[in-house]
Amino acid sequence: MAAENPSPISRVTLRAIGIGILATMTAAVLAAAVSQLSTNPQSGAALAAAEVAIFMLGVTVAAVSGGLWAGVVSALLASVVYPIVESEGHSFHVDFEQPQQLIASVVFLAIAVVVGLLVGNAADERNRATRREREARLLANLSGKMLSGDVPERVMDEFVQVLLEPLGLATCQIAVTLDGQEIEAKAARTGLAPGGPTEVIPIVVSSVPLGTLIAERPAGRRPLTRDERLLLEAATRQAAVALDRARLDARARLAQLDAETNQLRAAMFSSVTHDLRTPLASIKAGVTSLLDLGTRHDDAQVRELLTTILEETDRLNRLVGNILDLARIRAGALIPKRVPTAVDEVAEAVVARMRPRLAGLAVDLQLANDLPEVPADPVQVDQVLTNLLENAARHSPRGGTLRIHIGRADGAVRVRVADEGPGIKREEREKVFEAFYRGRESPESPGSGLGLAIARAIVLAHGGRIWIEETTGGGTAMMVDLPLEWSAEETAL
Amino acid sequence: MKVLVVDDEPQIRRALRIPLEAKGYEVSTVGTGEEGVVAVAEQQPDLVLLDLGLPDVDGTEVIRRIRGFSDVPVIILSVRDAQSDKVSALDAGADDYVTKPFAMEELLARARAALRRAGPDEPPQPTLSYDRLEIDLARRLVTLDGEQLHLTPTEYALLEALVSNPGKLLTHQWLLRRVWGQGYGTETTYLRTYVRALRRKLGDDASSPELIVTEPGVGYRWVGESR
């Protein structure tokens, strides 16, 4: 049995001696009581047998409950006490030369040793079984945690924490280098001073050293037993496997991300090339025909060409603005300059500015009274509303109505921009916020596929949310909540 | 009328000079802020068109230096995203801004309005007449469609501040100090509330304004054309 106490006479030994003494003394008292029961000298032999049996019982009880040493102590004591009790009323002297007494002493000792050894073996077996079960549980627990797919940092944190108690460690730390990234985890048990015997176990995956595990026992305690050390090594191997898996996972994720980025980049290039070249082509065609002095245009033709050039310039400008916004979002530079902003006022200004582009559509602008200001960047809120209105206008039938409603929601100012267009299918609703996504219904629509992506990025940077609802007429309602409260901890994007 | 264009882009300088000269303005151009300040002192132009993104000196600093010796109207040319730059340039003494790319007619209209305000003081008009609105500045009376409007003293002060700077973009800070006093400057909620009330009484719709235009995050502009 593992003795935790460093003193030579352990508590366990003291306990064994105590149990031995107690058992024999109890037996002596019982035997004395039995010898008093009968004064008939004829029954002396039967009485002596009963007394021996009581002492044997005492030794057995001591050996069963206290182990080998308790039995031995009890037996030795019984050898001394038995003759006293036995000779009571006959003679008062202890004489080991008397064969009866000597036999009794040998029998007591034999019982003590046999029972004590049996009990001790059983106890050892039980302890071993308990330990094996504990180890199995620990390893199972660890492998569960290792394979949880959590980030390696957290897995390692759990790992060192789990090892502490079963191995009686004061501290346990792990330090590995994974793809150039250093991961360290350390756990310590409170109330245990570190500085005891220390195990350093290398962590190796496919014969590549990743780092080390350091397990430290409390100051002044014994080192780990061989079994405990084997357990620690088994656990460390599990950690190594888990780390290897995490490393492979990270590589796979990176590769996937890379592929997605490339795909997006390809989509962006083709989309941007097309969208930038189209207005430029119109402008250049218009200007060159106006410059062509050999051809005469009448006033109406000149005006038409110039109008085209102007419209295409505006389109190009909006597109460039969107691409710049997207680049800013990608670069993580979309940081709102927050001032108290009246969303209703911004909406009015956006509608006023967009009137020419909303020609042919009715605009129903409803603003709740006493709307609070929100901490927001007015330029960016303007951008969100402009993009939502452009999107709604693009999907509206001629002569349709755009309904803009701004009101209060729970802890936010809520904007709703509803159109009378064909609506967006439920499964497409998240996708429309992705850059370069164009609805299936209108793959050649004049939008760049950037407006809603930018709107979402801005709304998220403000700690708000954006989503799509269906109108009663089957059209689309773009919803935006801009929070009234803002705390600096909330990170953009 | 002399116009000074301060912009580091030669194409912009050319694109501005040709139509301005066609409108009869005398145009000179420089490419840096330093040259710009010197040119204002030496040429004494009637109007300055100033790019905010100059390579040498910050546009706001250029305005501050010009304001050290001249009241010449300054119109800022800027890109969309430099909102806070616009506000600080306006607060430093610029008269107006247009956002690049701009339509020439818009720039010309802003230029005319700025030149008119800076022109020789016309005898103060006792009354201003608009489509449906009349303002008797001497008697502090406002009528809409012939009916007298009841404005609170603050509303009237706000209206007066706006109509006496027609076409000019008035920043929140400027309006707050002018109407409420020097100690004010950041209480945009007050201002917004009064502008809203004033608009309602004047029958002006902010989403298709004919009198007061909102420049979100910057200020307000009176666009009513007096007869």
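For the reader, a short list of remarks on this structure follows.
- Cα centre as origin, Lys/Arg/Asp/Glu Cβ charges: the stretch A:262-341 dipole, Debye: 640 debye
- A:Arg429 paired with B:Ser84, simple spin-label distance in nm, labels 7 Å along Cα-to-beta-carbon: 3.7 nm
- Helix runs (DSSP H) in chain A reaching 18 Å along axis by Cα, Kyte-Doolittle at least 0.5: A:11-37, A:44-66, A:68-86
- Pairwise label distance in nanometres, A:Val151 with A:Gln256, each label 7 Å out on the Cα-Cβ vector: 1.7 nm
- Chain B, dipole about Cα centre (Lys/Arg Cβ +1, Asp/Glu Cβ -1), debye to the nearest 20: 500 debye
- Directionally averaged projected area (the protein assembly as shown, Cα convex hull): 56.8 nm².
- The stretch B:10-87 - convex hull of the alpha-carbon atoms, volume per residue in Å³: 97 Å³
- With 0.36 nm allotted per residue and the present C-alpha distance subtracted, the B:Ala22-B:Met1 stretch has 6.3 nm of extension available.
- Buried on complex formation within the stretch A:358-378 (loss of at least 20 square angstrom of accessible surface versus the isolated chain, 1.4 Å probe, ligands and nucleic acids ignored): A:Glu373, A:Pro378.
- Per residue, chain B exposes 49 Å² of accessible surface when a 1.4 Å probe is rolled over the protein heavy atoms with every protein chain present.
- Other protein chain C-beta atoms within 10 Å of residue C-beta, averaged over A:320-331: 1.
- On a per residue basis, chain A carries 55 Å² of accessible surface, using protein heavy atoms and a 1.4 Å probe.
- Each label point was placed 7 Å from the Cα along the Cα-to-Cβ direction; for A:Glu311 and A:Glu182 their separation is 6.4 nm.
- Within chain B, DSSP assigns beta bridges of which about 50% are antiparallel (rounded to the nearest 5).
- Only Lys, Arg (+1) and Asp, Glu (-1) charged, at Cβ; chain A dipole about Cα centre in debye: 620 debye
- Across q = 0.14, 0.15 Å⁻¹, the stretch B:1-148 modelled as identical point scatterers on its alpha-carbon atoms has Debye log10 I(q)/I(0) values of -0.70, -0.77, in the order of the q list.
- FRET efficiency estimate (nearest 0.05) - Cβ-Cβ, B:Glu61 to A:Lys337, R0 22 angstrom: 0.60
- The residues of the stretch B:182-227 listed by number as losing at least 50 Å² of accessible area in the complex, against the isolated chain and with a 1.4 Å probe, are B:Arg192, B:Arg196, B:Ser207, B:Pro216.
- The gain in end-to-end length when the A:Met25 to A:Thr225 segment is fully stretched comes to 68.2 nm, 0.36 nm per residue minus the alpha carbon separation.
- Sites A:Arg245 and A:Thr288 - FRET efficiency at Förster radius 56 Å, r taken between beta-carbons, to 0.05: 0.35
- Close amide H contacts of B:Leu141 (hydrogens built in the peptide plane, cut-off under 5 Å, sequence separation of 5 or more or a different chain): B:Asp136.
- 19 Å reach of a label modelled at A:Glu469, 7 Å along Cα-to-Cβ, counting backbone N of the stretch A:379-405: A:385, A:388-389, A:392-393, A:401-405
- Listed residue (B:Pro216, A:Val320, A:Thr26) projecting farthest to the positive dipole end of the protein assembly as shown, Cβ model: A:Thr26
- At R0 = 56 Å, FRET efficiency that the Cβ-Cβ distance of A:Ala175 and B:Arg14 yields, to 0.05: 0.30
- The A and B chains share an interface that buries close to 1600 Å² of accessible area, total over both sides, probe 1.4 Å.
- Exceeding the 31 Å Cα-Cα cut-off - candidates B:Lys2/B:Lys86; A:Lys431/B:Lys86; A:Lys186/A:Lys337: A:Lys431/B:Lys86; A:Lys186/A:Lys337
- Among the protein heavy atoms of the protein assembly as shown, carbon and sulfur supply 55% of the accessible surface, probe 1.4 Å, non-protein parts ignored.
The values are calculated or read from the model by the stated rules, or taken from the named source; none is laboratory data. For clarity, every value in this text was computed on a predicted model and none was experimentally measured. Cβ: placed from backbone, ideal geometry, glycine included. Neighbour counts: every protein chain shown. The accessibility values were calculated without ligands, DNA or RNA, using every heavy atom of the protein model including side chains. Shrake-Rupley method; radii C 1.70, N 1.55, O 1.52, S 1.80 Å.
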